[in-house]
1. State the number of residues belonging to segment 211-228 that are among the charged types (D, E, K, R) and buried (at least 23 other Cβ atoms within 10 Å of the Cβ).
2. Checking the structure you have, find out if any residue of segment 194-202 is in contact (Cβ under 8 Å) with a residue 60 or more places away in the chain, assigned by TED's automatic domain parsing to the domain that holds Gly362, of a type in the set (Gly, Ala, Ser) and in contact with a strand residue (DSSP E or B) (Cβ under 7 Å, 6 or more places away or on another chain).
3. Would you confirm, using the coordinates I've provided, whether Gly109 is without any contact (Cβ under 8 Å) to a residue 40 or more places away in the chain and out of contact with any Pro (no Cβ under 9 Å at 6 or more places or on another chain)?
4. Return only the number of the condition from (1) in contact (Cβ under 8 Å) with a residue 60 or more places away in the chain; (2) crowded, with 18+ Cβ neighbours inside 10 Å that Lys329 does not satisfy.
5. Filter the helices (runs of 4 or more DSSP H) completely within segment 129-246 down to those with at least 1 residues that are at pLDDT below 90 and more than 30 Å from Lys260 (Cβ to Cβ).
6. Scan segment 95-128 for residues that are surrounded by fewer than 24 Cβ atoms within 10 Å (Cβ to Cβ) and either part of a strand (DSSP E or B) or in contact with a Cys (Cβ under 7 Å, 6 or more places away or on another chain) (or both) and jot them down.
7. Quick test for you: out of Ala393, Ala349, Ala353, pick the one residue that is within 20 Å of Gln326 (Cα to Cα) and within 19 Å of the chain's Cα centre (by Cα).
8. For segment 324-356, give me the residue count where each residue is closer than 22 Å to Lys222 by Cβ, at pLDDT 95 or above and part of a helix (DSSP H, G or I).
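The values are calculated or read from the model by the stated rules, or taken from the named source; none is laboratory data. What you see is a predicted model; the values in this text were computed from it and never measured. Virtual Cβ from ideal backbone geometry, glycine too; neighbours counted across all protein chains shown.
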Amino acid sequence: MSEIVSIVKKVKDAVPLRPYLLAAGACALLLSACGSSSNASSTKPASPSNASSGTSSSSSGGVSQASAQLAKYLGTQPATPPGPAFNAAKAAGKLVWLVSVTTTTGSAGTQAQMITADLKHEHVQVLGCDAHGVSTNLGSCILQGLSHHPAAIIVNGGDPAAYTAATRTANADHVPVISELDVPVPYAPYTSQIGSHLTGISADAAPPDPISGTLAADYVVKDSNGHANVLFITSPDILGAKYEELNFEARMKQLCPGCKLYTKGVTIPNWATDIGPSVSAELRLHPNINYVVPVFDPMAAWSDPAIIQAGKASSVKVVSVNGDLQQMKNLAQGQVIVCDIGQDYPEMAFQTADEALRYLSGAAGSGSLKAVQPGVRVFTTSNIKSVSLTSTAFENGAWYTGSSTALANMYYKLWSGS
């Protein structure tokens, strides 16, 4: 896990900003999106107390509801165009300034590579700025980009609230700013809360963190038959983690009011040092815990060893979100993780490129990305053997559509105007 350790170091020891030319292609998903960095771990009790009250029991209705929803997401799903077809040839030769919270590792690095490849397919120039894992650097990157007079700016990762002033400056220069990766798709009842983060943002190609949290809860309820004692490990410095946590907690209360929920918060810079000890301590304090749910699956690199070292590999199951290649392989090998809620990162990259191309081509922005959900699929032992666990299959979206060419064919046709 040297790549993950390296991004933690980058958050702590950020180097000066510098322009870069992004390379085409895509790398494997290694780490969830990085938000702003805080150095304190935190423990947040599940409201209104550290654990929900009552005995560990649930009505059969709750288990049935969970099972029914999970069934909808176990298979592949066809990709859906985010808007009408248009002629993207008008965008050729124009410049997009791509600001990324990181360009080297993690899902943000993966997305930067994918977005660049998608835009270059339409002969769009891509230059940008690497914030080196620090969200507060994103605003400086945006201002730096405006001096290059781009036709559009894409900000990949980070809470837009951290760069509102820079967004206003871009808006004043009539340069659309497209947010990608960190602000989740708005789902009730949190739409109004998320909306405030999108002030001045022309489009938001978002991860489906809220529904992912709901599905993670569904799996826990179904798998435990309503007898779950859960340790949820969140990352309070990532906006998407907040909404995944809110939906997980709400779904657990709805379907399994007698289940117990304990929540521990560890910020990105402390993942490598604090997740393992935190899990060990919680397992000692609450020996009835039978599920550990890291908000993003790369965190399992530290939670899983702690579970094993505690001698609880056979009694504590891990459920997580992202669809990281390594955790998918662990799932296939029957290791501690039993369910991973995968998110279609290739589709999110295409959605981002699509919206930028619409602005560059003079076509009206679809305006739909703030409500479009990219592909989500529940991976368990029941279907993990049906997918190819290679970086290529991850990069082309085959895990979610069932086809290695479905996404590319749909978007390239869309951009051709047909």
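1. Taking segment 211-228 as the starting set, the residues that turn out to be among the charged types (D, E, K, R) are 218, 222-223.
From what is left, the residues that are buried (at least 23 other Cβ atoms within 10 Å of the Cβ) are 218, 222.
Qualifying residue count for the region: 2.
2. Yes: one or more hits.
3. Working: without any contact (Cβ under 8 Å) to a residue 40 or more places away in the chain: no; out of contact with any Pro (no Cβ under 9 Å at 6 or more places or on another chain): yes.
When the stated conditions are applied, Gly109 does not pass them.
4. With (1) in contact (Cβ under 8 Å) with a residue 60 or more places away in the chain; (2) crowded, with 18+ Cβ neighbours inside 10 Å applied to Lys329, the lone miss is (2).
5. Helices (runs of 4 or more DSSP H) meeting the threshold: 191-195.
6. Leu95, Gln113, Gln125, Leu127 - these are the residues of segment 95-128 that are surrounded by fewer than 24 Cβ atoms within 10 Å (Cβ to Cβ) and either part of a strand (DSSP E or B) or in contact with a Cys (Cβ under 7 Å, 6 or more places away or on another chain) (or both).
7. On inspection, the qualifying residue turns out to be Ala393.
8. Final tally of qualifying residues: 4.
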